[in-house]
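As structure tokens, the structure follows; a few thoughts come after it.
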Amino acid sequence: MTTLVRYELKKAVGNRFFLAAFCLMLLAAFLLQGGVPQYWAYRQEIEAIADLAPMTFLEYIRSERLNSQIHREMTARYNALTQDDHARIAAALKEKYGEDVLTEYGAIADERMFQVPGCAGDLSDMDYLALRQQFAQRNADAQEKLDTVLRNAAGLLEEARAEGDAFGVRRNEEILRLYSQPRGEITGFLRGAGDLLLESFSVLFAALLVLLTASASVTGEYDRRTWLLLHTAKAGKGKTLLAKYLSGWILAAGLVAAFQAVAAAGLTVRGGTVSLDQPLIAVEELALCPWPMVIGQYALLAVGCKIFTVMLLSTLLTTVSALSKNSLIAYALGALLLGGSLWLLYFPPRSEGLAGPLALADPARYLGRYCVGDCFSMPVLWAALHAAVWTLAGAALVLIANRVYCRKRRVV
């Protein structure tokens, strides 16, 4: 079986058209995370000001990398300070600039604010105060979002109790329990974390390449007139078809991993920073995730969902290929299947429930709102049931394709 899988993978990735498309999509993934959209937005802002000339793309990237490096170094120095250090520095700053310095430092016109070393050592007083205010504000904003959820859930709980709504009582008690858990404190520098965690092009690119390979995995044997040879071989009793499914799953996982790695590399090149040990509330779009997570845990969950989605697509498309008479029909049906799923997912009227496995690719769809607090209600239950149904459907499709495939062999 291992030899068959290696052979099928070699046929899939050895195609020149596949390799050319793969390289182009890798380049596109790198540019999308490497600063091209951000540079385009920057140029539009600058062009609105007639007196300024925009930087070139390379100058813009160098500037972003330099700013990120400076912020990372300052954040590292700030985080190295202990609670006793912060108390000592605050007392020294008040003595030096006045009692209101911690909140009104922006209005203080004093050259000593920018001198290094300052009261915080390697940080100037202005940098220390700015970082202190920045982290305090970010944590306060995140806590305010959680407090809003708790206030709403408490109010709805009282209404549910008054109305005798047992489901509402249980649901809002669960929300209160989940959102009362400590989430951790934001202490790290992040730039572009949301862009990487919420990107969707890796699934789209991988799905297109899987369409290219899986749709012809079986019908290609008909076109090359190797179908009879494979079915009369020693491993022809279903093992050949199983090898095609296995190679498709391996290829799907490898494609998603490759696009994710290239996207991370692009983010690094433009100066992006993702601290995997920071709490998920540091990412504004995911601050209302009902379960306490760090960014690294969510990143693993997101990659796992994308791999699972593309593997399901590979199963569907390989089955279409096994049941089709020729490659043209398989490609047409596969394109219709993938295009229809994308249309239902991204274009109105949107219907995620009918969008197929693509709806499972982004966990932010069912972890980004506090209404998912109750694990037994929508949309978390919907996502779990959706995944289970598609897993069972994929297994059934493999069995159906195998029966049809072997029946064709007996006919031969």
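The values are calculated or read from the model by the stated rules, or taken from the named source; none is laboratory data. All figures in this text were calculated on a predicted structure; none of them were measured in a lab. Backbone-built Cβ (ideal geometry, glycine too); neighbour counts: all protein chains shown.
Worth pointing out:
- Per-region count, the stretch 137-168, residues more than 30 Å from the chain's Cα centre (by Cα) and in a helix (DSSP H, G or I): 13
- Among the conditions (1) surrounded by 21 or more Cβ atoms within 10 Å (Cβ to Cβ); (2) under 30 Å from Lys11 (Cβ atoms); (3) under 16 Å from the mean Cα position of the chain (by Cα), the only one that Ala264 does not satisfy is (1).
- Tyr78 part of a helix (DSSP H, G or I), in contact (Cβ under 8 Å) with a residue 24 or more places away in the chain and more than 30 Å from Ser180 (Cα to Cα): no
- For the stretch 123-153, the set of residues classified as surrounded by fewer than 13 Cβ atoms within 10 Å (Cβ to Cβ) and either more than 28 Å from Arg88 (Cβ to Cβ) or in contact with a Lys or Arg (Cβ under 8 Å, 6 or more places away or on another chain) (or both) consists of Glu144, Asp147, Arg151, listed by residue number.
- Residue check, Glu104 surrounded by 11 or more Cβ atoms within 10 Å (Cβ to Cβ) and either without any contact (Cβ under 8 Å) to a residue 40 or more places away in the chain or on the phi > 0 side of the Ramachandran plot (or both): yes
- Qualifying residue in the stretch 118-131 (condition: closer than 27 Å to Leu280 by Cα, touching a strand residue (DSSP E or B) at 6+ places or on another chain (Cβ under 9 Å) and in contact (Cβ under 8 Å) with a residue 60 or more places away in the chain): no
- Residue-level check: of (1) crowded, with 16+ Cβ neighbours inside 10 Å; (2) modelled with pLDDT of 85 or more, Leu300 misses just (1).
- Screening Trp343 against (1) of a type outside the set (Ser, Thr, Tyr); (2) at pLDDT 75 or above; (3) closer than 28 Å to Lys239 by Cα leaves a single unmet condition, (3).
- Among the residues examined, Gly394 qualifies as at pLDDT below 70, part of a helix (DSSP H, G or I), surrounded by 18 or more Cβ atoms within 10 Å (Cβ to Cβ) and of a type outside the set (D, E, K, R).
- Residue among Arg350, Arg369 that alone is under 30 Å from Ala282 (Cβ atoms), modelled with pLDDT under 65 and surrounded by fewer than 19 Cβ atoms within 10 Å (Cβ to Cβ): Arg369
- Of all residues making up the stretch 297-337, the number that are closer than 18 Å to Ala261 by Cα and of a type in the set (Val, Ile, Thr): 4
- Some residue of the stretch 107-116 being free of Cβ contacts under 8 Å to residues at least 40 places away in the same chain, loosely packed, with under 14 Cβ neighbours inside 10 Å, of a type in the set (A, V, I, L, M, F, W, C) and not in a helix (DSSP H, G or I): yes
- Within the stretch 81-92, residues that are assigned to a helix (DSSP H, G or I) have Cβ atoms under 9 Å from residues that are at pLDDT below 90 and among the aromatic types (Phe, Trp, Tyr) in these pairs: Ile89/Tyr128, counting only partners at least 6 apart in sequence or on another chain.
- Considering the stretch 51-75, the residues that are part of a loop (DSSP other than H, G, I, E, B) and surrounded by 15 or more Cβ atoms within 10 Å (Cβ to Cβ) include one that is modelled with the highest pLDDT, namely Met55.
- Leading residue by the ranking (farthest from Val203 (Cα to Cα)) among those in the stretch 230-270 that are of a type in the set (Phe, Trp, Tyr) and either at pLDDT below 90 or touching a Pro at 6+ places or on another chain (Cβ under 6 Å) (or both): Tyr245
- Just so you know, in the stretch 77-101 the residues that are acidic (Asp, Glu) and loosely packed, with under 11 Cβ neighbours inside 10 Å include one that is modelled with the highest pLDDT, and it is Asp84.
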